[in-house]
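Some notes on the structure that comes next.
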Amino acid sequence: MSKAPTKSATLRLDRLLANMGYGSRREIAGLAQAGRIVFDGQRLREADQRIAVTPDLSGRLWVDGEVLDPPPGLALLLHKPLGVTCSHREAGPIVYGLLPPRWRRREPAISTVGRLDKETSGLLLLTDDGALLHRIIAPKANVAKRYQVTLDRPLRGDEGAIFASGTLMLDGENRPLLPVALDVQDTTRAAITLTEGRYHQVRRMFAAVGNHVTALHRDRVGALDLPADLAPGSYRILSEPEIARVFA
Ligand code: URA
């Protein structure tokens, strides 16, 4: 079940804004009393007033002269740069550090949909909608993920057949990988499309055929492409039709 309110849910103003990282409920009450919260052109002075959490809320609710952040039910596409981790806790740069600081205080929290390794770049989805997250990562959803791979050594020629066989067993595992499609581009570059998401899967697959991945970049999830104009480290809020492309 998602913790995000449904589109027609109502929440107290202080609860809504506290959950969105604007401060404690007491601080929100102070903002309201000071006339710093405006809804549909009217100052909202009562922090216990209930607000319908609709997708258009950020155009209607203003805090301190600025439109409200996107309400819960948020889905983002981030161009993950190299060298950042998909962790909430790890020391060093993390993907959440690429989002506005207030968004890191939101409840429900924004989480990555699966993970990319620190040294993998490309398309990373994030959401605060637990139901959406599980719909995307559920094995039965069969969402395809495409990676552009650069290799240390030339391809031998048999990798495509081995990956497609559905019999490849990775070190330390007792279940073979589902078939994976390999599209060879030149001797050391290929695109690989998989539906599973096992730990370091692509790197371990090439290790299993005697090669080594030197660069890994995800450029597609389902039928959703990483936009060519989205710079590494930048993100974009996804629309409903874009989210639907993940399942297309
Ligand atoms: N496979 C890997 O080895 N690493 C990733 O980040 C994603 C898939």
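Below, the figures for the structure above:
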| item | result |
| --- | --- |
| Cβ-placed point charges (K, R +1; D, E -1), dipole of the stretch 144-221 about Cα centre in debye, nearest 20 | 220 |
| Listed residues Ala208, Val184, Gly172: farthest to the positive end of the dipole of the stretch 144-221 (Cβ charges) | Gly172 |
| Backbone HN-Hα couplings from phi across the stretch 177-188 [Karplus 6.51/-1.76/1.60, Hz, Gly and Pro as x] | 6, 5, x, 10, 8, 10, 10, 6, 9, 7, 4, 10 |
| Calculated P(r) tail over 25 Å for the chain, as whole % of Cα pairs | 51 |
| Vicinal HN-Hα couplings computed from phi for the stretch 87-99 (Karplus, 6.51 cos²θ - 1.76 cosθ + 1.60; Hz; Gly/Pro x) | 10, 7, 10, 4, 6, x, x, 10, 4, 5, x, 8, 9 |
| For the stretch 46-107 and the stretch 198-238, distance of Cα centres in Å | 24 |
| Paramagnetic reach from Ala9 (point 7 Å along Cα→Cβ, amide N under 13 Å) across the stretch 45-73 | 51-55, 71-73 |
| Charge-dipole axis of the stretch 1-102 as Lys and Arg at +1 and Asp and Glu at -1 on Cβ define it, positive-most pick from Pro93, Thr10, Ile37 | Thr10 |
| The chain, dipole about Cα centre (Lys/Arg Cβ +1, Asp/Glu Cβ -1), debye to the nearest 20 | 580 |
| Kirkwood hydrodynamic radius (C-alpha pairs) into Stokes-Einstein, the stretch 10-67, 25 °C and 0.890 mPa s, D in µm²/s | 224 |
| Whole-number Å³ per residue for the convex hull built on Cα positions in the stretch 56-129 | 99 |
| HN-Hα J in Hz across the stretch 108-119 - Karplus 6.51, -1.76, 1.60, θ = phi - 60°, x for Gly and Pro | x, 6, 7, 10, 6, 8, x, 9, 10, 4, 3, 9 |
| Rounded percent of accessible protein surface that carbon and sulfur make up, the chain, 1.4 Å probe | 52 |
| Restricting the stretch 25-120 to trypsin sites (Lys or Arg not before Pro) in coil, as DSSP defines it, with at most 10 other Cβ within 10 Å | Arg89 |
| Asp56 accessible area, assembled protein chains, probe 1.4 Å, Å² | 80 |
| The stretch 144-221 - Rg (one decimal) and Dmax (whole number), Cα, Å | 11.3, 32 |
| Structure-based [θ]222 nm, the chain - -39500 (n - 2.57) summed over DSSP H runs of at least 4, per residue, nearest 500 | -5000 deg cm²/dmol |
| Glu27 accessible area, assembled protein chains, probe 1.4 Å, Å² | 110 |
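The values are calculated or read from the model by the stated rules, or taken from the named source; none is laboratory data. What you see is a predicted model; the values in this text were computed from it and never measured. Cβ: placed from backbone, ideal geometry, glycine included. Neighbour counts: every protein chain shown. With ligands, DNA and RNA removed, areas are computed over all heavy atoms of the protein, side chains included. Shrake-Rupley method; radii C 1.70, N 1.55, O 1.52, S 1.80 Å.
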